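Scroll down for the structure; my scribbles are underneath it.
The values are calculated or read from the model by the stated rules, or taken from the named source; none is laboratory data. As the structure is a computational prediction, the values presented were derived from the model and not from experiment. Quick reminder, even Gly has a Cβ in these numbers, built from the backbone with ideal geometry, and neighbours come from all protein chains shown. Quick note on the areas: whole protein, heavy atoms, side chains included, nothing else; ligands and nucleic acids left out. Shrake-Rupley method; radii C 1.70, N 1.55, O 1.52, S 1.80 Å.
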Amino acid sequence: MDHSRVPVIEALQAFRERGDLVFGPPGHKQGRGADPRVLEVVGQGVFASDVLTLNGLDDRRESQGVVSQAEDLMADAVDADTTFFSTCGSSLSVKTAIMSVAGPGEELLISRNAHKSVMAGVIVSGIVPVWVHPHFDTDLAIAHPPEPDDVRAALEAHPDAKGMLLITPTDWGTCADIEGVAAVCHEFGVPLIVDEAWGAHLPFHPDLPAWGMDAGADLVVTSVHKMGAAVEQSSVFHLKGDRVDPSVLKQREDLLGTTSSSSLVYLTLDGWRRQMVEQGEELLGAALQRAARLRTAVDAIDGLSLMGREVVRPGGAFDLDPLVFTIDVRPLGISGYQAGDWLRAQCQVDVGSADACRISARLTHADDDAMVDRLVESLRQLVAAAPSLEQQAPVALPPARSLELESVMRPRDAFFAPVEQVPVEAAVGRVAAEMISPYPPGVPVLCPGERISQEVVGYLTSGVAAGMLVPDAADPSLATLRVVRD
């Protein structure tokens, strides 16, 4: 295929050249009606490129072939059979994926370190989750992806399960054995869905971890806005083989997706694909060289513990994304929350994630040498400042396996059940009726239908006191929890 083509961008250029006057949405009329104060911030080009897809561009529901051509080019670029663009982020794409494999009342194997959007899909769809628990690294207080044997055991115990959802890479850069898990799923005759939200870059350089489409996955969801060069909410799902019906996938996307697709999302997806096909290996190769230099520099900073390939082992990670830097700051006597806040306030450096133990930073092809140098210098300043930072009460980190809670109700049933808000101390032993997802990374510690334990309450309440954010809780202070009414 001709990857110099960018059908969506070409259609937008043609729209501009024609000089169409649009007497329909969007109401700003390509920026003519935008507040000049807004234009000063975002520029005229953003509004000029915001075109209703039916007006000169395209929409799969009223197709003139523009978006479908761009999707075909994307599929070819990553060795998929079929690709769909999503303008609602992978939060929508992953819901579409699981609902294409399982339906109400049917079982689906799900890695328990899944993002809250997966759990939301389970609640909305009425799917019955069979949790496949990740491997907890006690020393690092971090979860690594499940292994093929874990999936085999789950499928043997649940022979009616319709498939498996695997999360890789994780928010901290550890990767699963996709090929091994796919082989087990296919042995049992079920498809493997891979939530590869953090893996948009993986197909485009041979020195990066395996890409789901190359490792036997049937359906892969990826967030191009995370590690690619498309705007926020840019997501793609890719399909290969015949274990998932593409017409079912399209119907589920149509059910959940917006009818007002963003041309900004489409055109940046289109342009990113062209960039990666033509220049991806060169751009990512340069990023990998910078990453190697950054890793050497961070390793040399006393007081910081950078996670490396020592975690690649049985019971740990299968692989590690070298562009992800997971840095334990506990040796400094501070939390990751403190480190992230200090770096933003004092150095104007924003890390990708922070929790009780660590911070993370990610490089993409967009970073340059000056940015890497600034990050290194900021980390050195953090180490120097750490002794002067206020000492906080420690977070009650849960022991291994203590977060593997008993599921006593279907998530959908618990979420829509009669509920009550009780003091957090009184919630122990009760059934959760809400999601509690520390953010980032947004993986629920509590899901509806799980029995609340003392260890979980201790972890969450001490975490909030140390700076943990739980934006989806009915009571973000966690003084109370929502539980199923007895």
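What the table shows:
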| item | result |
| --- | --- |
| Qualifying residues in segment 136-172 (those that are assigned to a loop (DSSP other than H, G, I, E, B) and in contact with a Lys or Arg (Cβ under 9 Å, 6 or more places away or on another chain)) - the one surrounded by the fewest Cβ atoms within 10 Å (Cβ to Cβ) | 141 |
| Hits in segment 238-251 - residues which are open to solvent by 40 Å² or more (accessible area, probe 1.4 Å), at pLDDT 90 or above and either of a type in the set (Asp, Glu) or under 22 Å from the mean Cα position of the chain (by Cα) (or both) | 240, 242, 245 |
| Every residue from segment 460-483 that is part of a helix (DSSP H, G or I) and open to solvent by less than 40 Å² (accessible area, probe 1.4 Å) | 460, 462, 463, 464, 466 |
| Residue match in segment 287-298 (condition: closer than 30 Å to residue 29 by Cα and buried (at least 22 other Cβ atoms within 10 Å of the Cβ)) | no |
| Complete set of residues in segment 94-122 that are open to solvent by 10 Å² or more (accessible area, probe 1.4 Å) and either farther than 27 Å from residue 172 by Cα or of a type in the set (A, V, I, L, M, F, W, C) (or both) | 99, 100, 101, 103, 104, 105, 106, 107, 120 |
| Test result for residue 91, modelled with pLDDT under 95 and either open to solvent by less than 10 Å² (accessible area, probe 1.4 Å) or over 23 Å from residue 446 (Cβ atoms) (or both) | no |
| Residue satisfying all of: in segment 173-197; under 21 Å from residue 442 (Cβ atoms) and at pLDDT 95 or above; surrounded by the fewest Cβ atoms within 10 Å (Cβ to Cβ) among these | 173 |
| Count of segment 360-399 residues which are within 24 Å of the chain's Cα centre (by Cα), of a type outside the set (Asp, Glu) and open to solvent by less than 50 Å² (accessible area, probe 1.4 Å) | 9 |
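Residue-wise test of (1) closer than 30 Å to residue 74 by Cα; (2) in contact with a strand residue (DSSP E or B) (Cβ under 8 Å, 6 or more places away or on another chain).
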| site | (1), (2) |
| --- | --- |
| 306 | no, yes |
| 317 | yes, yes |
| 329 | no, yes |
| 340 | no, yes |
| 345 | no, no |
| 372 | no, no |
